[in-house]
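Participant: Can you keep this structure in mind? I'll have questions shortly.
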Amino acid sequence: MARGLNKAMLIGHLGNDPEMRVTASGQSVVNFTVATNESFRDNNGNMQERTEWHRIVAWGKLAEICNQYLKKGRQVYVEGRLQTRSWDDNKTGEKKYTTEIICSDMQMLGSGRDQGGQGYDSNPSFQQPTAQKNSFRDDTPDQGGGLSETEKDDLPF
């Protein structure tokens, strides 16, 4: 039986241009933020809107594609898993935490001309490659969430 599900799916707008870097091992990684909006009625019946900001991290070929095609303001669909990491703040000595979405799928939405893109009329979809699908490797650090072949055989679908 499956142990759990860690999946996040967002549709929102990029808050900044992606920032790409290359790790010491040569792996590409890109970071960007996506804003999602929700509308609701407050206690007085007035419509309110709230914006939530999400940190997105993509690795490998998907990182390179995000860096090349995504621009601030562009509407995008992002799918991935939540991951929380921590570090010690050198200035205050406090332990800091952040939760990010490790992106496995990305689809550009809307017209690129309308949203700061480079004039793309189609909506291509990009998926993080895995070893089973092709020759690319997913070098995203694994947090123990993968299933063994025996566990996969136990899944009812």
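Any read-out appearing in this document is the output of simple, stated calculations on the displayed coordinates, not a laboratory observation. All values reported here derive from a predicted model rather than from experimental measurement. In this analysis, Cβ positions are derived from the backbone assuming ideal geometry, glycine residues included, and neighbour counts consider all displayed protein chains.
Participant: Less than 15 Å Cβ to Cβ from residue 18, Lys/Arg counted +1 and Asp/Glu -1: what total charge do the surrounding residues give? Intermediate results must be reported in sequence, preceding the final value.
Facilitator: Working: positive: 21, 55, 61, 71, 72, 74; negative: 17, 19, 64, 100.
Counting the neighbours of residue 18, the net charge comes to +2.
Participant: Count the net charge of all other residues whose Cβ sits under 12 Å from the Cβ of residue 39, scoring Lys and Arg as +1 and Asp and Glu as -1.
Facilitator: Neighbourhood net charge equals -1.
Participant: If you count, for each residue, the other Cβ atoms within 10 Å and average over each peptide, how do 83-89, 24-30, 37-43 line up from highest to lowest? Could the numbers behind the result be given before it?
Facilitator: Values: 83-89: 10.7, 24-30: 13.4, 37-43: 8.3.
Packing order, densest peptide first, comes out as 24-30, 83-89, 37-43.
Participant: Here is a follow-up. Order these peptides, 4-10, 71-77, 50-56, by their mean beta-carbon neighbour count within 10 angstrom, highest first. Let's see the in-between values first.
Facilitator: Working: 4-10: 11.6, 71-77: 18.7, 50-56: 14.1.
The peptides rank, most packed first, as 71-77, 50-56, 4-10.
Participant: Assuming R0 = 22 Å, what is the FRET efficiency of residue 38 and residue 98, from their Cβ-Cβ distance, to the nearest 0.05? Could you put the intermediate results ahead of the total?
Facilitator: Details: r = 22 Å, r/R0 = 0.98.
Plugging the Cβ-Cβ distance into 1/(1 + (r/R0)^6) gives 0.55.
Participant: For residue 73, which sequence-distant residues (separation of 5 or more, or a different chain) have an amide H within less than 5 Å of its own amide H, given hydrogens modelled in the peptide plane?
Facilitator: Placed amide hydrogens put 14, 15, 16 under 5 Å from residue 73.
Participant: Taking the radius of gyration and the Kirkwood hydrodynamic radius from Cα positions alone, what is the Rg/Rh ratio for the stretch 43-89, to two decimal places?
Facilitator: On the way: Rg = 16.1 Å, Rh = 14.4 Å.
Checking Rg against Rh, the ratio lands at 1.12.
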